[in-house]
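Read-outs throughout are calculated quantities, based only on the coordinates presented, and are distinct from any laboratory measurement. Predicted, not measured: the structure shown is a model, and the values here were computed from it. Every residue, glycine as well, gets a Cβ built from its backbone with ideal geometry; the counts of neighbours run over all protein chains shown.
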Amino acid sequence: MDAERVVIVGASHAAAQLCGSLRQHGCEGEIELIGDEPSLPYQRPPLSKALLSGESTLDDLLIRKPEFYEKQRVAFRRGRVTRIDRASGVVELEDGAVVRYDRLVLCTGARARRLELPGADLTGVHYLRDAADAAAIRSGLDGVGRAVVIGAGYIGLEAAASLRKLGIAVSALEMADRVLQRVTAPEVSAFYDRVHREEGVDLRLGVGVAAIEGDDHVTGVRLTDGDVVPADRVIVGVGVVPNVELARDAGLAVDDGIVIDAHGRTDDPCVFAAGDCANYPDGRYGRRLRLEAVSSAVEQAKTVAATICGKDAAISALPWFWSDQYDLKLQIAGLSGGYDEVVLRGDPSTGRDFACFYLADGRLIAADCVNRAQEFMFAKRAITMGLAPDRAALTDPETALAELLRAPSVVAG
Amino acid sequence: MGTITFIEYDGTTHDVDLVDGASLMELATTNGIPGIDGDCGGEASCGTCHVIVDAEWTSATGTRSGEESQMIEMSPECEPHSRLACQLKACPSLDGLKVRLPEFQM
């Protein structure tokens, strides 16, 4: 291959995968990984779970141990890239360093969306995106009696569950009229609503936040209806914004993420992108997507590595996600957007395990599986196969799911 | 220190140093073994670290848990001694262990 020097910007999940995949595909050149956090790439999903509740440390969360980078001959440089000079094939760093590349991979990720409200910068108001955020939340938590979580999406609900585990009183505020509104069916929202209330969360739906109150440290959250919810800590989980500025300023196409093709390339053949910052064409779902998911970061990184090494590869793996809250292990296969029918296996209105299958034109497109690993693995395969499963069989607990994979209802394509 | 051998689907073998207490998934990823990704970091959530334990080693490794079975048994490549590498901890008594990789991870 002709790429002698690969530079990766962003010490992320995609970056860790790239280092290994580049070598596996035969890259013999130099690989330099530039990250602006002190740590080698670590797993972000546990930040709102095991790390927040104190069950793990950052060292436990490294995606690959330091020995891996030595063995793969990857140089790690701590620094913040401020500019890409495509004409010269270099990136410039804040400290003045200039790093040359033959191939550049942008794994710049995303950042937490900030609240723009009075009091949003008070001490005690936190976001949760990186290890420093999680450490800041953890520090001094012993004295915290009441926390407010703003946003009842996955991050907000996971944070609420972790804080409840620590015995902290939690109020969760959501603008929409149900939790997880953006990503799940009403049945799944109702399930998580019930469980969080059972676990003692004061869940308030359909509420707006007017301001964060306090003199220098937060004391409460004022709602648009005038109510004040007292708080010693506030955690904001209202989504993320992709880090596209470097790419945009370098003249690369940006549209809800850095625009890449199915091979991971930007409109510059020497520049690639992967992970939460990348907007890619998904062949299965027939639309452009920007996903915030480990699975997608890994798949895109593998594809970019193969492409850089001159192999023909395309982003194709089914995206999947997971979320741990209390004793609930939610595994999500695929994307449910555009579904026209929901089929339940198990009863989400009682107990703590069920699967919710999403169908579009009879074909399985996604599944939310709570403490149902088998259903999750079934769904991963069935969606990949293009299966249009029999609804009655899908619901019937007596029907072995493996049987459905052998049934002749597979739709071609 | 001992050795654990990973055998790729195409027969390529990789001997890696046994690290007491590390999972086989960690050993595989630290050593860059192709075919084991460990996307979820070892929580038995993703099923991307499926390995098949050599038959003569199954008494030493023990059998898979119910959680592992739920994940693995949907794989068309599931075998009686299939495990998730993240749930298999290396220890001195596993020195010499051989595990095979399936053709595809799910």
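Close amide H contacts of A:GLY220 (hydrogens built in the peptide plane, cut-off under 5 Å, sequence separation of 5 or more or a different chain): A:GLU213, A:ALA231. Each other residue within a Cβ distance under 11 Å of A:GLU245 adds +1 if Lys or Arg and -1 if Asp or Glu, for a net charge of +2. 3J(HN,Hα) along region B:13-22, derived from phi through the Karplus expression 6.51 cos²θ - 1.76 cosθ + 1.60 where θ = phi - 60°, amounts to 9, 10, 8, 10, 5, 7, 10, 4, x, 7 Hz, with x in place of Gly and Pro. In order along region A:174-184, phi translates into HN-Hα couplings of 9, 5, 6, 8, 8, 6, 6, 4, 6, 10, 10 Hz, rounded to whole numbers, per the Karplus curve 6.51 cos²θ - 1.76 cosθ + 1.60 with θ = phi - 60° and x for Gly and Pro. In whole percent, what relative contact order does chain A give with Cα contacts below 8 Å and a gap of six or more residues? Once divided by the residue count of chain A, the mean separation gives 14 percent. Using the Karplus relation 6.51 cos²θ - 1.76 cosθ + 1.60 with θ = phi - 60°, the per-residue 3J(HN,Hα) values for region B:64-71 come to 6, 7, x, 4, 5, 4, 4, 6 Hz, with x marking Gly and Pro. Mean projected area of the Cα convex hull of the protein assembly as shown, taken over all directions, amounts to 24.8 nm². For region A:284-370, the Kirkwood hydrodynamic radius from C-alpha pairs, put into Stokes-Einstein at 10 °C and a viscosity of 1.306 mPa s, yields a diffusion coefficient of 108 µm² per second.
Near A:VAL105, the amide H atoms lying under 5 Å from its own belong to A:VAL7, A:ILE8, A:VAL9, A:PHE272; only residues 5 or more places off or on other chains count, and H is placed 1.01 Å from N. Residues whose amide H falls under 5 Å from that of A:VAL234, counting only those 5 or more places apart or on a different chain, are A:VAL125, A:HIS126, A:VAL148, with hydrogens built in the peptide plane. With a length cut of 20 Å (Cα positions projected on each helix's long axis) and a Kyte-Doolittle mean of at least 0.5, go through chain A and give me the DSSP H helices that pass. TM-like helix candidates: A:294-308.
In the protein assembly as shown, the DSSP beta bridges split such that about 60 percent are antiparallel, to the nearest 5. The label-point distance for A:LEU117 and B:TYR9, in a model that sets each label 7 Å from Cα toward Cβ, rounds to 5.0 nm.
List the pair-distance distribution P(r) of region A:327-406, using every Cα-Cα distance, as the percent of pairs falling in each 5 Å bin from 0 up to the bin containing the longest distance, rounded to whole percents. Here the calculated profile for region A:327-406 is 3, 18, 30, 29, 15, 5, 1. Once you reduce region A:176-209 and region A:250-297 to the center of their Cα atoms, the two points are 31 Å from each other.
Calculated on the Cα set of region A:114-236, radius of gyration then Dmax: 13.6, 41 Å. By the helix-only formula, in which each DSSP H run with n ≥ 4 contributes -39500 (n - 2.57) and the sum is divided by residues, chain A has a 222 nm mean residue ellipticity of -6500 deg cm²/dmol. Against the empirical 2.2 N^0.38 Å (N residues), region B:60-102 has a Cα radius of gyration ratio of 1.18. For region A:11-129, the pair-distance distribution built from all alpha carbon pairs, in bins 10 Å wide starting at 0, is 11, 35, 33, 16, 4, 0 percent. Between A:ASP267 and A:ALA132, the contour length at 0.36 nm per residue exceeds the alpha carbon distance by 45.2 nm. Between A:GLU37 and A:ARG5, the contour length at 0.36 nm per residue exceeds the alpha carbon distance by 9.3 nm. For region B:3-100, the spherically averaged projection of the C-alpha convex hull amounts to 5.5 nm². Of the cross-linked pairs A:LYS65/A:LYS329; A:LYS165/B:LYS89; A:LYS49/B:LYS89; A:LYS329/A:LYS380; A:LYS311/B:LYS98, those separated by over 19 Å at the C-alpha level are A:LYS65/A:LYS329; A:LYS165/B:LYS89; A:LYS49/B:LYS89; A:LYS311/B:LYS98.
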